[in-house]
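S.K.: Structure incoming, see below.
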Amino acid sequence: MPHDSEMPSQDDVRRIALGLPEATEDANFFRFLVDGKAFAWTWMERVDPKRPRLPNPDVLSVRLADESDKEVLIDMDPDAFFTEPHYDGYPAIQVRLPVIDRDLLAKLLADAWRSRAPRHLR
């Protein structure tokens, strides 16, 4: 588990994501896009089954190149990574920001960007 000073914040996510070529931030939601395609966004948590999902700022959903990468990441660090039935069949993983190492987060965001970016940017 990272030391407190190493825990990434949403500001770190923003800095890393916007440092990628032609990445933009959604004006209305904590979400990052390249070529109009989302590669990272705040996880919407189902707190009450009878109510709409709510944003959980401590968890980031990150696009993966392939859905099979989920199990690899969860096996690697189940404290940092998880998924939920809502994401079954969709290549994205949920990342607990208070637990993940900043360098690993940067690699995940770069890989997510690469999975969505047009060829001429990669």
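The values are calculated or read from the model by the stated rules, or taken from the named source; none is laboratory data. If you're wondering where the values come from, they're calculated on a predicted model, not measured in any experiment. Note: ideal-geometry Cβ built from the backbone for every residue, glycine included; neighbour counts use all protein chains shown. When the accessible area is computed, the model is the full protein with side chains, heavy atoms only, and any ligands, DNA or RNA have been set aside. Shrake-Rupley method; radii C 1.70, N 1.55, O 1.52, S 1.80 Å.
S.K.: Can you pull out the residues in segment 85-122 that are touching a helix residue (DSSP H, G or I) at 6+ places or on another chain (Cβ under 7 Å) and among the charged types (D, E, K, R)?
M.R.: The answer is Asp101, Arg102, Arg122.
S.K.: I've got another one for you. From the list Val13, Val99, Val95, exactly one residue is hydrophobic (A, V, I, L, M, F, W, C) and either assigned to a strand (DSSP E or B) or open to solvent by 80 Å² or more (accessible area, probe 1.4 Å) (or both). Which is it?
M.R.: On the way: Val13 fails: either assigned to a strand (DSSP E or B) or open to solvent by 80 Å² or more (accessible area, probe 1.4 Å) (or both); Val99 fails: either assigned to a strand (DSSP E or B) or open to solvent by 80 Å² or more (accessible area, probe 1.4 Å) (or both).
Only one candidate qualifies: Val95.
S.K.: From Leu64, Leu73, Leu54, which residue is over 12 Å from the mean Cα position of the chain (by Cα) and either open to solvent by less than 80 Å² (accessible area, probe 1.4 Å) or closer than 19 Å to Ser115 by Cβ (or both)?
M.R.: Checking each option against the conditions leaves just Leu73.
S.K.: Six or more apart or on different chains, Cβ atoms under 8 Å: show the pairs whose first residue is in segment 74-88 and under 21 Å from Arg53 (Cβ atoms) and touching a residue at least 60 places away in the same chain (Cβ under 8 Å) and whose second is of a type in the set (Gly, Ala, Ser) and open to solvent by 100 Å² or more (accessible area, probe 1.4 Å).
M.R.: Partner pairs satisfying both residue conditions: none exist.
S.K.: Still on this structure, please answer the following. Among (1) open to solvent by 80 Å² or more (accessible area, probe 1.4 Å); (2) closer than 22 Å to Arg114 by Cβ; (3) without any contact (Cβ under 8 Å) to a residue 40 or more places away in the chain, there is one condition Gly19 misses while meeting the rest; what is its number?
M.R.: So the condition that Gly19 fails would be (1).
S.K.: Hey, another quick one. Let me spell it out: the conditions are (1) more than 21 Å from Arg53 (Cβ to Cβ); (2) surrounded by 12 or more Cβ atoms within 10 Å (Cβ to Cβ); (3) touching an Asp or Glu at 6+ places or on another chain (Cβ under 9 Å), and Pro118 meets all of them except one. Which number is the exception?
M.R.: Going through the list (1) more than 21 Å from Arg53 (Cβ to Cβ); (2) surrounded by 12 or more Cβ atoms within 10 Å (Cβ to Cβ); (3) touching an Asp or Glu at 6+ places or on another chain (Cβ under 9 Å), Pro118 breaks only (2).
S.K.: Hey, can you tell me all the residues within segment 79-92 that are more than 15 Å from Asp66 (Cα to Cα) and open to solvent by 50 Å² or more (accessible area, probe 1.4 Å)?
M.R.: Of everything in segment 79-92, those that are more than 15 Å from Asp66 (Cα to Cα) and open to solvent by 50 Å² or more (accessible area, probe 1.4 Å) turn out to be Asp79, Pro85, His86.
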